[in-house]
Amino acid sequence: MTSEIISWIAVGLIFAASTVMLINLDWRTNLGALAILYLAAFLLITHHMPFIMASTKLITGWMVVTALGMTRLSLQTVENEKGESFWPRGQWFRLILMCIVVIVTIGSTPRIEAMIPGLGLPVIAGGLMLIGAGVLQLGVTSNLLSMILGLLILLAGFEIIYAAVESSILVAGLLSITSLGLSLTGSYLMIAGSFPHDMEEEL
């Protein structure tokens, strides 16, 4: 009973963190929400994976957050920070899109549980919500960091559902390496994208 309550709390954290990342433009808040999201994913993955393996997912996720945060912190501000706010234009449209994801998740979760028994309703709901939130994040922004975050959210949702289906150590390791590689690629692209701006300032 306690485990079930914790799982649904994790699903609530996923919804809150995904919504914040969708409507927010401040990169510090988004990375903090991503760290919370990885914690919630860890709570769901422990249902079908040993604690040690699930812990590596959490550690990998926080390493991803650290790498992106240190890279973004080291860069000079390219965009106008005054234009960044917690409630950017179109926030209500984004909230409506997130509500649609929640409705689809609520409708699809019992059906998937009926087709593949044993996954667990919280695990399915959390995974589907992350996949939907990741697709939304990729579709509503052109910011490089936000797009990287969208890919990481999408991958985290896939990891939750895949961990419930197959607990292979090799595949779990490959998915963790993929997350790290994605964060390093994003860090490289953010650094490379700042060079033209810096050269224009020097000229």
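Okay, here's what the table says:
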{"read-out": "Calculated log₁₀ intensity ratio I(q)/I(0) where the Debye formula runs over C-alpha points of the chain, q = 0.07, 0.16 Å⁻¹", "value": "-0.21, -1.01"}
{"read-out": "Pairwise centroid distance, computed over Cα atoms, of the range 104-123 with the range 137-197, Å", "value": "25 Å"}
{"read-out": "Helix 27-45 axis, angle to the chain major axis (alpha carbon atoms, nearest 10°)", "value": "20 degrees"}
{"read-out": "Whole-angstrom Cα spans of the range 96-203 along principal axes, big to small", "value": "64, 38, 13"}
{"read-out": "Percent RCO, i.e. relative contact order, over the chain, from Cα pairs under 8 Å lying at least 6 residues apart", "value": "27 percent"}
{"read-out": "Cα-based shape type of the range 13-64, given that a ≥ b ≥ c are square roots of the gyration tensor eigenvalues and the cut on a/c is 1.5", "value": "oblate"}
{"read-out": "For the range 117-123, Karplus couplings with θ = phi - 60° (6.51, -1.76, 1.60), whole Hz, Gly/Pro x", "value": "x, x, 5, x, 4, x, 5"}
{"read-out": "For the range 131-171, alpha-carbon Rg relative to the globular expectation (2.2 N^0.38 Å, N residues)", "value": "1.34"}
{"read-out": "Length released on extending from residue 29 to residue 166, taking residue separation times 0.36 nm less the Cα-Cα span", "value": "46.0 nm"}
{"read-out": "Among 52, 148, 112, residue whose mean-square fluctuation peaks in a GNM of the chain (springs only between Cα atoms under 10 Å)", "value": "52"}
{"read-out": "Nearest-ten-degree value, helix 2-23 long axis tilted from longest Cα axis of the chain", "value": "30 degrees"}
{"read-out": "Calculated [θ] (222 nm, deg cm²/dmol) that DSSP helices of n ≥ 4 give over the chain, each run adding -39,500 (n - 2.57)", "value": "-29000 deg cm²/dmol"}
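Here, each number is a calculation from the coordinates, and none is a lab measurement. In this text, all values refer to a predicted model and were calculated from it rather than measured experimentally.
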